[in-house]
Amino acid sequence: MCGIVGATAERRVAEILLEGLRRLEYRGYDSAGIAVLNDQGLQELRRVGKVQALAAAQEETGINGHVGIAHTRWATHGKVTKENAHPHVSSDTVAVVHNGIIENHEALRVRLQGLGYSFQSETDTEVICHLVHHELEKGHSLLDAVKATVKQLEGAYGTVIMDQREPGHLVIARSGSPLVIGLGIGENFVASDQLALLPVTREFMYLEEGDVASVTRTQIKVFDSNDKMVERQVHTSDLQYDAGGKGEYRHFMLKEIHEQPIAMRNTLEGRIDGDRIAIDAFGPQAEDIFKNIKHVQIIACGTSYHAGMVARYWLEQYAGVSCNVEIASEFRYRSSYVFPNSLFVTISQSGETADTLAALRLAKTLGYHASLTVCNVASSSMVRESDLAFLTKAGAEIGVASTKAFTTQLAGLLMLVAALGRANGVDASIEARISHALASLPNKLEEALNITAEIEALAEEFADKENSLFLGRGDQYPIAMEGALKLKEVSYIHAEAYAAGELKHGPLALIDAQMPVIVVAPNNELLEKLKSNVEEVRARGGIMYVFADKKAQFKSDDTMRVINLVHVDEIIAPILYTLPLQLLSYYVAIIKGTDVDQPRNLAKSVTVE
Ligand code: HGA
């Protein structure tokens, strides 16, 4: 999603800003822009499309300066045009970049127009620069003008502002959208994600909700939401940015699919010991907290929501605790019932997903016993704001369509099942079974990837299809949902998932030879039920692709193509069966020629609601 980079330095900063934007490109965006201050005043450049186009324009024009801000925009308000790209400028002096949504922008726009400001864009963001300019005209300093401005804003913002009258000074404010300050020697930086600043610093200070900060080359002052000057801790980052990029792979998505065995190994390392899992992988207080838990409320969005749905099947079957799973954007806007002794679990790759983070903050006011996040980014807001955290060690996930983050989330959730089961007095054989199954996973995932060539050939049959249906039962139903989501995301083929038992309640009407039906077959007591559903499709002329354990004894024929997968304990089958569905989506997308790593209209790390 949108990216912000800012710098104030003795050296010229355009290249630092552009490199920062390049490092945030993977999040998905539609336009990019940069503004700098120099002897000629405020100069800006904006382009629709890739950062490369902006960089070429910067090279051509030579625009540069010792202080500047830059942005990649993922439009929420206003079309994808050069005029709507950030930075926005007021009266040729104040420039602003913004992530988030200003909800009261319409009322502010009318007021500012009444004051004589004319708007150049359709964005909600533009009100910020005019408001700051208006406050500056009253004689305020830039810092005070920004403080006065943010008091008038409703909604979410991570914003960086500079003004020609105070060159070398960046003022930044955070409410609902992350911002980090990068500390240099005689120079300082700001960004929406530390990844953008790794070439220039490893020292970071995270802003908290409601903070406003003043950043110059030599000084940083942070004010909290009560306007009290505060110290924010400096963290040294050990994050690796893999600039080597895709390696031998054509796309990040394919690389990340193939990284799953190693990502799983890293996630499990030191966390399983024979028959037992290490409960402290969830944090030092986990053991005490888990003893009291009788119910789990899981909140997530998108792919992470599917991980939560699998966990619900597991928790109720193996840990003896009840579990609800809900989409964050629904949960946060309704009154919900809090079960006694509930653990509130959020799942997010980035730990910054706006709706999930808001749900976590809401949950803290509702009386949950404790909160836990399953997350891939140690420094994220969700990790910092939760009582407990399970860190997946998937490494940076660059492809917008989540792959290795999902399977490692599932591993973390299965460890949670074992931990809560133990705390709840469930027979120790369950924990032993989970531990051994998890320990076998990295090798099994490697074996599962051996069917890549078979899937690549299969993808040819999908490329001319417009619709598809995914079926599963039990804990494979959410895997069918994830398979459908992946196909939609990267190939733009309409895909729907159903619990196989629901077929006859509607979707069966859609079955014909033009509608491929993808079936993920469990290898448990639901298998016979699923076989009946398969017959229902066959009887109506549907063409099926069945992913099944060898032992399930499905046989390929004219109407059914069977892809056999390596045999595993059914408890980890949902994790394993995800891989062929990811590969299928990838290869269909390749044939269709879509932008696999940055699919149209989508963004990674969804920091707006
Ligand atoms: N609302 C602003 C910024 C959008 C954003 O933060 N996207 O991630 C706009 O539409 O320009």
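The values are calculated or read from the model by the stated rules, or taken from the named source; none is laboratory data. For clarity, every value in this text was computed on a predicted model and none was experimentally measured. Cβ sites come from the backbone with ideal geometry, for glycine too, and all protein chains shown count toward neighbours. Note: accessible area is taken over every heavy atom of the protein model, side chains too, but ligands, DNA and RNA are not part of it. Shrake-Rupley method; radii C 1.70, N 1.55, O 1.52, S 1.80 Å.
Here residue 78 qualifies as within 16 Å of the ligand (Cβ to nearest atom) and either over 17 Å from residue 192 (Cα atoms) or over 29 Å from the mean Cα position of the chain (by Cα) (or both). Scanning the stretch 1-23 for residues that are within 16 Å of the ligand (Cβ to nearest atom) and closer than 23 Å to residue 91 by Cβ, we see that the one that is surrounded by the most Cβ atoms within 10 Å (Cβ to Cβ) is 6.
Just for the stretch 354-402: of the residues that are of a type in the set (Ser, Thr, Tyr) and in a loop (DSSP other than H, G, I, E, B), which one is nearest to residue 479 (Cα to Cα)? Applying the filter and picking the extreme gives 402.
With a requirement of 3 or more residues that are within 13 Å of the ligand (Cβ to nearest atom) and within 28 Å of the chain's Cα centre (by Cα), the strands (runs of 3 or more DSSP E) lying completely within the stretch 145-189 that satisfy it span 155-163. Which ones in the stretch 546-564 are surrounded by 22 or more Cβ atoms within 10 Å (Cβ to Cβ) and touching a helix residue (DSSP H, G or I) at 6+ places or on another chain (Cβ under 6 Å)? 547 - this is the single residue of the stretch 546-564 that is surrounded by 22 or more Cβ atoms within 10 Å (Cβ to Cβ) and touching a helix residue (DSSP H, G or I) at 6+ places or on another chain (Cβ under 6 Å).
For residue 312, the criteria (1) within 25 Å of the chain's Cα centre (by Cα); (2) under 29 Å from residue 178 (Cα atoms) hold in every case but one, which is (2). Considering the stretch 372-399, the residues that are surrounded by fewer than 24 Cβ atoms within 10 Å (Cβ to Cβ) and out of contact with any strand residue (DSSP E or B) (no Cβ under 9 Å at 6 or more places or on another chain) include one that is nearest to residue 483 (Cα to Cα), namely 398.
What about residue 343, is it in a helix (DSSP H, G or I), under 23 Å from the mean Cα position of the chain (by Cα), touching a residue at least 24 places away in the same chain (Cβ under 8 Å) and crowded, with 20+ Cβ neighbours inside 10 Å? No: the conditions fail for residue 343. Considering only residues in the stretch 175-184 that are farther than 14 Å from residue 5 by Cα and of a type outside the set (S, T, N, Q), the one that is modelled with the highest pLDDT turns out to be 184. With respect to the stated conditions, residue 477 is open to solvent by 10 Å² or more (accessible area, probe 1.4 Å), under 28 Å from residue 317 (Cα atoms), in a helix (DSSP H, G or I) and of a type outside the set (S, T, N, Q).
So is residue 205 touching a residue at least 40 places away in the same chain (Cβ under 8 Å), in a strand (DSSP E or B), of a type in the set (A, V, I, L, M, F, W, C) and buried (at least 19 other Cβ atoms within 10 Å of the Cβ) or not? Considered against the rule, which asks whether it is touching a residue at least 40 places away in the same chain (Cβ under 8 Å), in a strand (DSSP E or B), of a type in the set (A, V, I, L, M, F, W, C) and buried (at least 19 other Cβ atoms within 10 Å of the Cβ), residue 205 comes out as no. I'm checking my understanding of the structure. Among residues of the stretch 103-155 that are polar (S, T, N, Q) and open to solvent by 70 Å² or more (accessible area, probe 1.4 Å), which one is nearest to residue 227 (Cα to Cα)? Here the answer is 113.
Checked against the criterion of being at pLDDT 95 or above, open to solvent by 20 Å² or more (accessible area, probe 1.4 Å) and touching a helix residue (DSSP H, G or I) at 6+ places or on another chain (Cβ under 7 Å), the stretch 24-44 contains not a single residue that satisfies it. Only one residue in 246, 255, 228 is over 30 Å from residue 439 (Cα atoms) and either in contact (Cβ under 8 Å) with a residue 24 or more places away in the chain or out of contact with any strand residue (DSSP E or B) (no Cβ under 6 Å at 6 or more places or on another chain) (or both). Which one? Result of the check over 246, 255, 228: 228. Among the residues in the stretch 454-466, are any part of a strand (DSSP E or B) and open to solvent by 10 Å² or more (accessible area, probe 1.4 Å)? Checking the stretch 454-466: not a single residue is part of a strand (DSSP E or B) and open to solvent by 10 Å² or more (accessible area, probe 1.4 Å). If you go through the stretch 170-192 and keep only what is open to solvent by 20 Å² or more (accessible area, probe 1.4 Å) and over 20 Å from residue 350 (Cβ atoms), you end up with 183, 184, 185, 186, 187.
Scanning the stretch 64-74 for any residue that is open to solvent by 40 Å² or more (accessible area, probe 1.4 Å), at pLDDT below 95 and in contact with a Gly (Cβ under 9 Å, 6 or more places away or on another chain) turns up at least one such residue.
Residues are listed down the side, and each one gets a yes or a no for (1) within 6 Å of the ligand (Cβ to nearest atom); (2) of a type in the set (D, E, K, R); (3) touching a residue at least 24 places away in the same chain (Cβ under 8 Å):
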{"residue": "71", "(1), (2), (3)": "no, no, yes"}
{"residue": "82", "(1), (2), (3)": "no, yes, yes"}
{"residue": "89", "(1), (2), (3)": "no, no, yes"}
{"residue": "94", "(1), (2), (3)": "no, no, yes"}
{"residue": "99", "(1), (2), (3)": "yes, no, yes"}
{"residue": "106", "(1), (2), (3)": "no, yes, no"}
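Condition first: outside any helix (DSSP H, G or I) and surrounded by fewer than 16 Cβ atoms within 10 Å (Cβ to Cβ). Now tell me which residues in the stretch 324-335 satisfy that. Once the filter is applied, which keeps residues that are outside any helix (DSSP H, G or I) and surrounded by fewer than 16 Cβ atoms within 10 Å (Cβ to Cβ), the stretch 324-335 yields 333, 334, 335. Restricting 523, 601 to those that are open to solvent by 40 Å² or more (accessible area, probe 1.4 Å) and within 16 Å of the ligand (Cβ to nearest atom) reduces the list to 601.
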